[in-house]
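Report on the following structure.
Here, each number is a calculation from the coordinates, and none is a lab measurement. Keep in mind it's a predicted model, so treat the numbers as computed, not measured. Cβ placement follows ideal geometry from the backbone for every residue including glycine, while neighbour counts extend to all protein chains displayed.
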């Protein structure tokens, strides 16, 4: 019996994330109360006694666990790593960049277009992941998408962002090429959703107990959003207030991607529930430390082309 119990405990231990980059609350939607050990004088005896008490986590104004220590990754964990961004729909990116910087990431951004495929591949090789923010017309060539597929097949993470119709042209082209997935439609969102719930007919909310949803019990869904179409490869991450699948993630064969129909979260109501944490968690997860190990935090060669319109 004792041996069986020990075996179970060991199995649990090795099943949990054990990477230096991750916080102690990785995979928890809500951080537990902190255990405090203190010396207290007994009023009756006058002697000092050791006592413990539990202090509930401080929460932000939306109800999520407060403080960067409850993000998926610890601050500075990915110092030297670069997030490459192909931004085909123009909006200010400063808030996203600042959030990623907290975890050590630098951002290399192509704004309004990308260079020829060979140069694109050469620059992309220096990044740990790629984010694509789609526009209403396709701008990535078949050659660019072939580069992205090789990048993805190598184990590097890819975040594919679209939004309400028709702002998913390249999102669908890349999603189809990498995973056979697409998004469609135009739904009004603009709501904060909680943890995933089901009434038997539809799901609403953010996925429970996943690395991506660490520290998130409430998340803003975006304003007008597209719906990820039914498929067999993506796992649901965020269901919108209308019960539509806003985003899903791919985690198979050592490869990771996120497919998202609500890029308005990046540029509208940034300070609404959970957006900054969600962005940081996504980048930390897409590094794919589970595949590449702790060596992933070693310094990479930073991209040096200025972050401005090409």
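For the reader, a short list of remarks on this structure follows.
- Distance-filtered residues of the range 206-226 - backbone nitrogen under 20 Å, label point 7 angstrom along residue 165 Cα→Cβ: 222-226
- Here the residues 48, 28, ranked from fewest to most Cβ neighbours within 10 Å of their Cβ, fall in the order 48, 28.
- The range 94-147 versus the range 217-280: alpha-carbon centroid distance in Å: 19
- With a Förster radius of 41 Å applied to the C-beta separation of residue 202 and residue 146, the computed FRET efficiency comes to 0.65.
- Helix 169-179 and the longest principal axis of the Cα set of the chain meet at an angle near 70°.
- Protection proxy ranking, peptides 146-153, 30-37, 123-130, average beta carbon neighbours within 10 Å, highest first: 123-130, 146-153, 30-37
- Among 187, 72, 212: highest mean-square fluctuation, GNM of the chain, C-alpha pairs under 10 Å: 187
- When Cα extents along the principal axes in Å is computed from the coordinates, the matching label among (1) 75, 54, 40; (2) 55, 46, 35; (3) 79, 45, 44 is (3).
- C-alpha long axis of helix 2-15 to longest principal axis of the chain, angle in °: 40
- Pairwise FRET efficiency - residue 190 versus residue 139, Cβ, R0 = 45 Å, nearest 0.05: 0.95
- Mean ellipticity per residue at 222 nm, deg cm²/dmol - from DSSP H runs of n ≥ 4 across the chain, formula -39500 (n - 2.57): -6500 deg cm²/dmol
- Contact order normalised by residue count of the range 13-129, Cα under 8 Å, 6+ apart, percent: 22
- The mean sequence distance of close C-alpha pairs (under 8 Å, at least 6 residues apart), as a share of the length of the range 68-297, puts its relative contact order at 21 percent.
- Here the peptides 60-68, 243-251, 268-276 are ranked by packing, the mean other Cβ count within 10 Å, and the order with the highest first is 243-251, 268-276, 60-68.
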